1. Please list 304-310, 209-215, 273-279 highest first by mean number of surrounding beta-carbon atoms within 10 Å per residue.
2. What's log10 of I(q)/I(0) for the stretch 200-318 at q = 0.15, 0.16, 0.18, 0.19 Å⁻¹, Debye sum over Cα points only, no solvent?
3. For THR38 and SER176, calculate 0.36 nm times their separation in residues minus their Cα-Cα distance, and state this gained length in nm to one decimal.
Amino acid sequence: MKKTVKEYTAEKVAEAIKNKSQDQVPGAGDGTTTVVETEDSKNADISKAFFKALATNQGMGEAQKKIREQYKAKAQTIGTPDEGGVLVPLTVDANIRTQLEYISPIRQIARVISNAPARLQLPSADGGNAYWVAEAALIPETEVNFAVKELVPEKLASRIKGITLEFLQDAAINPSAQALLENQLAQKAALVENQAFANGDGADKPFGFRSSAVTPLTLAQAGAALAWSDLLALQFKLPTAYRNQGVYVMSSAALAKVIGLKDTAGRPLYINSVTESGANTLLGRPVYIVDEIPTTGTTPNFVTEVWYGVFSDYVIGDRLGVRGTDVSYAMPAVSGGRSSSAC
């Protein structure tokens, strides 16, 4: 039977479309369907397997094998099994760390070194000078003294009691339940971290910026009441090279006093940010609230501290992934540096 030109053309067009689709879809040419697994779907399956194993107490060995492969693929330090507990999925670890940074003001302004080694030595130097030297003249000797400050990891544990088997089963299939658990763990850890980052003495915890390991420049309040000139003088305690990089750090009690201060022209010193993500400012510099700075006495005659400095010189090293034991979680993650330029 002969075909018309119209029928022949329609047949060839349909054949061309079929061949093109087979070229573009993996496995289409041999009648099979190929499913390509994305990294997001793989991570979701690993998290699901982890929470399911946690809830049923079965399959944790296989889940841990896949989780360790996750960390190794990202060149992350994971420690050894004899450190105890089980390693949580990489996405859970990342979500908890993100929450920690959001909650912890010190993490926002410090220098955080991710995936830090077991012991990290940081060089610091003082002394030395620079000179203008005439052509062909001898260059004067200069002496720079190098010292080493070492980050030693400390273990921070966060435990939430009362997690039911039903909740773990929900977390295995419900990302919202997983996020709730991650948030609870991060909140508890962040509160303990904040205390150590401010006041830690180095005994099984990091050194805080208020510890004896930091010797700040100090400035007493000039009059009976805090004035804008006190806060301005605090900035000028730092050398010019650091002054414009500094931030204010204070407690809520101190902030309550600062908010009402005005300069000699009647302009407020404290300005709220116009965006949610922006920092509020004091005399043009960002302000961070750390309520772990102690306040003694009662209003209106209380004593507290206002700090101004370059807190990026305070170093936090995060080491290892988050590890869990049953439904209590441990974070061998935090070590605090002791180099801070603040007054």
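1. 304-310, 209-215, 273-279
2. -0.75, -0.85, -1.08, -1.19
3. Extending this stretch completely gives an extra 47.6 nm.
Read the figures in this text as sums done on the coordinates, not as results from a lab. All values reported here derive from a predicted model rather than from experimental measurement. Positions of Cβ are generated from backbone atoms using ideal geometry, with glycine treated the same way; all protein chains shown enter the neighbour counts.
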